[in-house]
Amino acid sequence: MARFVARRLAAMIAVLFAISVITFMIFNVIPNGDPAYRLAGKSPTPDTLAAIRRTWGFDKPVPVQYLKTMQKVFTGDLISYTNNVDVVDEIVQDFPRTLSLAVGAGVMWMFFAVCLGLFTAVKAGRFADRFVTVLALIGISMPVFWVGAMMNYFLGFKAGIFPNGGYVPLTEDPLGWAYHLILPWTALSLLFIGVYSRVLRSNLLDTMSEDFVRTARAKGISERRILLRHVLRNSMIPIVTLWGLDFGAVVGGGAILTEVVFDLQGVGQYAAESIKSLDIPPVLAIVMFGAFFVVLMNTIVDIVYATLDPRIRVS
Amino acid sequence: MAVEPVVDVAVEDLAGAARTEGDEPVAGIAPSRLALRRLRRNKTALAFGALFLVVVAICLAAPLWANEVAHTDAYKNHLTDRIVVDGKPTDVVAPDGVPVGPTWQGRFFLGADEGGRDIAVRLLYGGRTSLMIGAGAALLTILLAIMLGTLAGYLGGWVDTIISRSLDVVWSFPVVLLGVALGTALALGGLQIGPIEIQGDSLLIPLLIIGLVNVVYMARPLRGQVLALREKEFVEAARAQGLGPLRIMFSEILPNLSSTIIVFFPLMVANAILLEAALSFLGAGVQAPQPSWGTMIGAGVEKIVTGPHQAIVPGAMLALTVLALNVFGDGVRDAFDPRAKVRR
């Protein structure tokens, strides 16, 4: 096990390095023109441009530029030239909002996916199964920002049942926190509920034809107990793995669209606003941190998976 | 998949074929023909496939609608025009900035946006953009994925290591964020590859980005399949005949990937259309004022308070198109890969 973890961590560090190089290349090398111009925001002064060229090392070879960029990102010395804000501070400040959105949505989509997956697997082939499957397909066909905007407009703005966007910190007002987040959670969950319930349904149906299920039935165990104790438990492993990966992806940038629509002011919205004003330093930092988070979650999922299922470690 | 009887279609097909043949020697049926036969029986999938074709057709007919019915184009502002709705003269955009809603007549059939532009006309032209980017990106994804997957799977060794590790790295980026990063970087300076120069606001940029970021999702399964195919007897036979690796990849491996590729295509187009919308919504895809469903939803959401139809119309059109592709794609998958479908 220790060897597996060590190998996995080494691979993680290699991937992190590759990610940082790619992100650096995307913003500083690939596009033509003067990189200082792109970093400086919309209307730079000659002084800013000179300062950027000096501190980012654009007069030096590319490897030096890379090192300088990394140094800036990780020492918290990254400044947005559009409004002179420290980028890393801003990200740290916005992070709880993104996390609130992701955690709540994650719980929500897992819960409803398990319910729907069980329901459709038990009713497989009947009308209820087909109906829910069509609903799931509709769920994965709608863009999340459009669903969010519709909910926000009709349930929030028009009907006034829910607040019209915004965020209340959990520590200040837990009820208000949940109340403000119900619509974002729902909008973000729809897609995942559609995907997960379908994956779980097919896993459940696969497991139901396993020998141990027949044995359990032969022993006279009730159908309900077989379904929940034997079938569901064995079908959950792929779903839990998937959840770990998707949760990482949502925190690492997948929530960007939902945050914008509901005005949650999280990390994703910070990225979106920076894109609109063509303010590159925040986008660079968020893309890099986002990918880092995804890699970290993937590694954790792999290690947990290997702990649960010893067969993985050998390969 | 959704609305069809849960019976083992494959077995039924074979039995039916054997019966009709009677005493004649039983002829084999190509798997692709069996698949098409299964697809033909799936009426839901066919209906949604037809729906998608209808959407494509009406988007192709955009100039016809614009010139003959609406008498305007996708960019023209009718801020001060007045039209007759239900016998009453109405401002296209009222003095308080509220645009007219759907009139259900030739001009402003689906209403106007805040700039006094005809939404129906923009919807059709935007559909051309979105569908073009969706199909183009999906084609690019598939071509690249076939290349990378086949090379990595068949050659193995260091080629496989390099390709697979690179795919792992790309896999680690959240799709939307990677697309947005590339879109932002390229929208600023355009792209220059050797003699080819692409402007920052060109439609080719979102097409290339979406095509590239999706490659990993298809290259991985293809590689796995090639790994399995490589060990098959017919590949060994080809090698024994002295065929080179390129020839084997093209004429022995590639045809065996065709069903996977067919299954992936509609779902990839659906995915690409959704991603185009997301990138355009964030300002890193199609650049305004060019219409696409993504830019229209983006503008509509911003102005939703003045008239919700500005956001509802393009979003509903997009969702309908993607739904049609998803249902059809699901049917295609069930038809070409019956084992993927779970039966009882």
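The values are calculated or read from the model by the stated rules, or taken from the named source; none is laboratory data. Since this is a predicted model, take the numbers as computed values, not measurements. Don't worry about glycine lacking a Cβ; one is built from the backbone with ideal geometry, like all the others, and counts go over all protein chains shown.
Key figures
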{"read-out": "In region B:283-299, the residues that are without any contact (Cβ under 8 Å) to a residue 60 or more places away in the chain and more than 10 Å from chain A (Cβ to nearest Cβ)", "value": "B:288"}
{"read-out": "Lone unmet requirement of (1) more than 14 Å from chain A (Cβ to nearest Cβ); (2) crowded, with 21+ Cβ neighbours inside 10 Å; (3) of a type in the set (Val, Ile, Thr) for residue B:159", "value": "(2)"}
{"read-out": "Hits in region A:140-183 (condition: under 30 Å from residue B:330 (Cα atoms) and at the interface with chain B (Cβ under 10 Å from one of its Cβ atoms))", "value": "A:140, A:141, A:142, A:143, A:144, A:145, A:146, A:147, A:148, A:149, A:150"}
{"read-out": "Residue that is in contact (Cβ under 8 Å) with a residue 60 or more places away in the chain, over 30 Å from residue B:186 (Cβ atoms), assigned by TED's automatic domain parsing to the domain that holds residue B:140 and among the small types (Gly, Ala, Ser), where the choices are B:280, B:259", "value": "B:259"}
{"read-out": "Residue pairs meeting the criteria (Cβ under 8 Å; at least 6 apart or on separate chains; first over 20 Å from residue B:95 (Cβ atoms) and modelled with pLDDT of 85 or more, in region B:300-311; second of a type in the set (Val, Ile, Thr) and in a loop (DSSP other than H, G, I, E, B))", "value": "B:311/B:304"}
{"read-out": "Residues located in region B:289-326, provided they are under 14 Å from residue B:130 (Cβ atoms) and part of a loop (DSSP other than H, G, I, E, B)", "value": "B:290, B:291, B:292"}
{"read-out": "From the options B:251, B:166, residue that is surrounded by fewer than 18 Cβ atoms within 10 Å (Cβ to Cβ), within 12 Å of another protein chain (Cβ to nearest Cβ) and free of Cβ contacts under 8 Å to residues at least 60 places away in the same chain", "value": "B:166"}
{"read-out": "Residue within region A:125-134 that is in a loop (DSSP other than H, G, I, E, B) and either closer than 28 Å to residue A:274 by Cα or outside the structural domain of residue A:49 (by TED's automatic domain parsing) (or both) present", "value": "yes"}
{"read-out": "When residues of region A:103-158 are limited to those that are charged (D, E, K, R) and either surrounded by 17 or more Cβ atoms within 10 Å (Cβ to Cβ) or under 23 Å from residue A:224 (Cα atoms) (or both), the one farthest from the chain's Cα centre (by Cα)", "value": "A:126"}
{"read-out": "Selection count, region A:123-139, where residues are under 21 Å from residue B:322 (Cβ atoms) and at the interface with chain B (Cβ under 8 Å from one of its Cβ atoms)", "value": "5"}
{"read-out": "Hey, residue B:331 outside any loop (DSSP other than H, G, I, E, B), within 9 Å of another protein chain (Cβ to nearest Cβ) and at pLDDT 85 or above or not", "value": "no"}
{"read-out": "Residue in region A:197-211 that is surrounded by fewer than 21 Cβ atoms within 10 Å (Cβ to Cβ), within 14 Å of chain B (Cβ to nearest Cβ) and not in a helix (DSSP H, G or I) present", "value": "yes"}
{"read-out": "Matching entry among A:49, A:39 (being crowded, with 16+ Cβ neighbours inside 10 Å, on the phi < 0 side of the Ramachandran plot, in contact (Cβ under 8 Å) with a residue 60 or more places away in the chain and outside the structural domain of residue A:279 (by TED's automatic domain parsing))", "value": "A:39"}
{"read-out": "Output for region A:59-71, where each listed residue is in contact (Cβ under 8 Å) with a residue 24 or more places away in the chain and of a type outside the set (A, V, I, L, M)", "value": "A:65, A:66, A:69"}
{"read-out": "Matching entry among A:302, A:246 (being more than 18 Å from residue A:92 (Cα to Cα) and under 11 Å from the mean Cα position of the chain (by Cα))", "value": "A:246"}
{"read-out": "Test: residue in region B:304-320 that is farther than 25 Å from residue A:262 by Cβ, in contact with a helix residue (DSSP H, G or I) (Cβ under 7 Å, 6 or more places away or on another chain) and either within 14 Å of chain A (Cβ to nearest Cβ) or not acidic (Asp, Glu) (or both)", "value": "no"}
{"read-out": "Counted residues, region A:65-102 - those being surrounded by fewer than 19 Cβ atoms within 10 Å (Cβ to Cβ) and among the acidic types (Asp, Glu)", "value": "3"}
{"read-out": "Sole exception among (1) farther than 29 Å from residue A:274 by Cβ; (2) touching a residue at least 40 places away in the same chain (Cβ under 8 Å) for residue A:100, by number", "value": "(1)"}
{"read-out": "Among the candidates B:82, B:128, B:107, B:117, residue that is buried (at least 21 other Cβ atoms within 10 Å of the Cβ) and among the charged types (D, E, K, R)", "value": "B:117"}
{"read-out": "Hey, residue B:270 at the interface with chain A (Cβ under 10 Å from one of its Cβ atoms), crowded, with 24+ Cβ neighbours inside 10 Å and outside any helix (DSSP H, G or I) or not", "value": "no"}
{"read-out": "Failed item, numbered, when residue B:245 is tested on (1) within 14 Å of chain A (Cβ to nearest Cβ); (2) at pLDDT 85 or above; (3) touching a Phe, Trp or Tyr at 6+ places or on another chain (Cβ under 7 Å)", "value": "(1)"}
{"read-out": "Per-region count, region A:159-195, residues closer than 22 Å to residue A:94 by Cβ, of a type in the set (Val, Ile, Thr) and either under 20 Å from the mean Cα position of the chain (by Cα) or assigned to a helix (DSSP H, G or I) (or both)", "value": "2"}
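Residues checked against (1) in contact with a helix residue (DSSP H, G or I) (Cβ under 8 Å, 6 or more places away or on another chain); (2) of a type outside the set (S, T, N, Q):
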position	(1), (2)
B:32	yes, no
B:36	yes, yes
B:40	yes, yes
B:51	yes, yes
B:68	no, yes
